[in-house]
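I have placed the structure first, in the form of structure tokens, so that the comments after it can refer back to it.
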Amino acid sequence: MIDIFLNAARTIEPNAVSEEKQHGKLVVGYTCSYLPAEILHAAHIIPMRLRGIETHSLEIADSYYGPFICTFPKCLLQLASQGSYHFLDGAIISTGCDGMRRLDECWRKAGSDYHGSLPSFFHYFDVPHKRESYAISWFIEEIRKLIQHLKTHFNVKITDDAIRQSIQLYNHGRRLMFELDSLRHTEQVRISGAHAFAVSVAGTILPRELFTEQLALFLNHVKNTNTIMGKNQKRLMVVGSVNDDLELIELIEQCGAIVVSEHLCFGIRNEDDLVNETGDPVAALADRYLSNSACPRMFGYFSERLNLVKEKIQKAHVHGVIMQNIRFCDLHGSENGLMEHALEALGIPCMRIEREYGSLTETGRIKMRIQAFLERIES
Amino acid sequence: MTIIAGCDVGSLTSKAVIMQQDKILAVEIIKSKAKPQESANLVLENALTKAGLKLPDVQFIVGTGYGRDHIPFVHKTMSEISCHARGAKWLVPSAKTIIDIGGQDCKVIKLDKTGNVSKFIANDKCASGTGRFLEVMARMMNISIQELGEVSEKSKQPIQFASMCTVWAQADVVKYLNSGFALEDIGAGINMAMANRVSMLVSAIGIETDICMTGGVSKNSGVFVSLERILGHKIKKARKLDPQLAGALGAALIANDQIKGRA
């Protein structure tokens, strides 16, 4: 039952998406959790969060980006340039951080150097870094610009009613995810961290109807399973920058711990709030997405993020926190330092890991650190 | 007679310590082989021969080091962090901060009042600040690592290296050698560059005295003295045993705990 989620989480073009493509469905990739995927869904397009897994070298990307840049946007550019995103009908780049913003320029340039690597629909979606009323007005304008571009490029209708229906469907999925997440908080855990994370990642990849339907079935299965995990294991939380790599969570669990919570760029942290289902749907989306200050891309909300992490630590009975960030990630690199200091002062053991993205990671060194961290917690 | 052992399979050297409770019976250090299991078998066999023992005589063995998961005869594996912490505490009981510089990485470990690891930090995927850095530089200068430590003691004007990157520093060494600079000044500069790199890790975690150093590089007097100067604190020398054996010693002490726990 987990297989559909694992397949989605482990491949950049999952079977379920390929099948929909064969039936004429459009697929548009996006780079940041601050993009309201409901808009694409309302246009009958499959929104797919872009991922850099399956990258084995950066020979192309390194010539566009300098050496001191996070490997995540580099991996995306590498995959795009080598044609691995051939199935995309469009791509939307956001200002998640400066490295991701520059992906817009690099990909456009690579599009002229590598024929066919730039999808015909290519949109730059700006996201404010604050959530004051003027920022929300600007964000609403950005969403409306995106709607207009989608309408004219793909010749599709995007009505307010359709957006409302998409919001309802997405909210339903969020409620199911909250429920699944709550099953990890109990003493007897019924789902491994790796499987729970696979579900979260799959939620950004699979067609939403399919995801919601499968999640409901899976949730029912997990609730009724007799398999109990986490007994006598250290309960860990993983926080920090972009990670859609199941192997990292699996590696932590192979060392003898269980991951009971995350606060990562991919995952449950982006599903924390529901979108208001009444009123102007575009304004409701702008309000919900911009009110989410879980990512340090939002300036001035460190205390809120810290409280959020503290709340999760308490709720999931976490013994220790692993703070990971991709090397050269300014946002999470500095935020992890601040958060480590604050949490350690409260007696919560923390460990910071700086790593390369995805399959470029060297697991041996990370494994040693995880093992040492667990020994530290146990001593 | 309870015999326990610790086996530390590192990237450059493999070490073994055989103990009978708190007494060290035999130690061994060899150059690591291509396969960790080969290194582990050989180093333990040599140590056992020295002690006049055979493998079945050993009740509990703890493995550590980068090759720990491939050691065939161990009963338990522990990370290098925990083993070095334990070994260093035995060697220097007052130690609160441990600087361990091995062949391929460098770690700084802080201990709490009870001697448990309270914090650690390690360098990432970079040769600078590791034994490998010194090995490469010594090779460039056509001297041994041992000599690299000794020559710098004679230096009056250490060279300041612009980069701590192993590749760039290598190019600088060639430049200074060709320009006729004294070997001792180049050597002292290398040790200083190494100490600078390590001091960054120490500063990141915060110094708490007493400080002690373990790992093969701790035997390089040039790095040792430079580090003392940069940190502004004396570093306690491990006198009871070769500090390169701290990881294997810690592993043996943890093996002893395991036996006691069973009793």
For the stretch B:95-237, the charge dipole (Cβ of Lys, Arg +1; Cβ of Asp, Glu -1; about the Cα centre) points to a positive end, and the Cα of B:202, B:130, B:163 closest to that extreme belongs to B:202
What accessible area per residue comes out for the stretch A:323-374, rounded to a whole number of Å², with a 1.4 Å probe?
36
Quick one: accessible surface of residue A:311, probe radius 1.4 Å, all protein chains present, in square angstrom to the nearest 10.
100
Over the stretch B:1-148, with a single point scatterer placed on each C-alpha, what log10 of the ratio I(q)/I(0) does the Debye formula yield at q = 0.11, 0.13 1/Å?
-0.46, -0.64
Which trypsin sites (Lys or Arg not before Pro) in the stretch A:192-258 pass both tests, a DSSP loop state and at most 10 other beta-carbon atoms within 10 Å?
A:231
If each part is reduced to its alpha-carbon centroid, the stretch B:68-128 and the stretch A:287-308 end up apart, in Å, by 37
What are the ³J(HN,Hα) values, in whole Hz, obtained from phi via the Karplus relation 6.51 cos²θ - 1.76 cosθ + 1.60 with θ = phi - 60°, for each residue of the stretch A:66-83 in sequence order, with x given for Gly and Pro?
x, x, 9, 10, 3, 6, 5, x, 5, 5, 4, 5, 4, 5, 4, 5, 8, x
Ranked order, A:41, A:153 - accessible area, probe 1.4 Å, largest first
A:153, A:41
Per residue accessible area in Å² of the stretch A:221-294, where ligands, DNA and RNA are left out and the probe is 1.4 Å:
34
Rounded percent of accessible protein surface that carbon and sulfur make up, the stretch B:95-237, 1.4 Å probe
51
For chain A, which whole percent of the accessible surface, found with a 1.4 angstrom probe, sits on carbon and sulfur atoms?
50
Tell me, what HN-Hα J-couplings in whole Hz come from the Karplus equation 6.51 cos²θ - 1.76 cosθ + 1.60 at θ = phi - 60° for each residue of the stretch B:186-203, using x for Gly and Pro?
5, x, 5, x, 5, 5, 5, 4, 4, 5, 4, 4, 5, 4, 5, 5, 4, 5
Mean separation of Cα contacts under 8 Å, 6 or more apart, over the residue count of chain A: relative contact order %
19
On full extension of the chain, what length is gained from residue A:291 through residue A:151, given 0.36 nm per residue of separation minus the C-alpha to C-alpha distance?
47.7 nm
Nearest 100 Å² is fine: how much accessible area is buried between B and A, summed over both sides, with a 1.4 Å probe?
1600
Could you give the nm distance between label points at residue A:141 and residue B:49, where each point is 7 Å from its Cα heading toward the beta carbon?
8.1
In vacuum, with every alpha carbon of the stretch B:95-237 counted as one equal point scatterer, what does the Debye formula give for log10 I(q)/I(0) at q = 0.14, 0.16, 0.18, 0.22 Å⁻¹? Two decimals, please.
-0.59, -0.76, -0.94, -1.33
Leaving out ligands and nucleic acids, note down the accessible area per residue over the stretch B:95-237 with a 1.4 angstrom probe, in whole Å².
44
Residue order for B:176, A:65 - accessible surface, 1.4 angstrom probe, largest first
B:176, A:65
Which value results when the Cα radius of gyration for the protein assembly as shown is divided by 2.2 N^0.38 Å?
1.07
Applied in sequence order to the stretch A:370-379, the curve 6.51 cos²θ - 1.76 cosθ + 1.60 (Karplus, θ = phi - 60°) yields integer Hz couplings, x standing for Gly and Pro, of 4, 4, 5, 5, 5, 5, 5, 5, 6, 6
Binning at 5 Å from 0, report for chain B what percent of all alpha-carbon pair distances ends up in each bin.
1, 7, 14, 17, 17, 15, 12, 8, 5, 2, 1, 0, 0, 0
Looking at chain A, what % of its DSSP beta bridges pair antiparallel, to the nearest 5?
5
How much net charge surrounds residue B:12 when only the other residues with a Cβ under 12 Å from the Cβ of residue B:12 are counted, with Lys and Arg +1 and Asp and Glu -1?
+1
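The values are calculated or read from the model by the stated rules, or taken from the named source; none is laboratory data. Remember, it's a predicted structure, so these values are computed and weren't measured experimentally. We place every Cβ from the backbone using ideal geometry, glycine too, and count neighbours over all the protein chains shown. Side chains included, ligands, DNA and RNA excluded: accessible areas come from the protein's heavy atoms. Shrake-Rupley method; radii C 1.70, N 1.55, O 1.52, S 1.80 Å.
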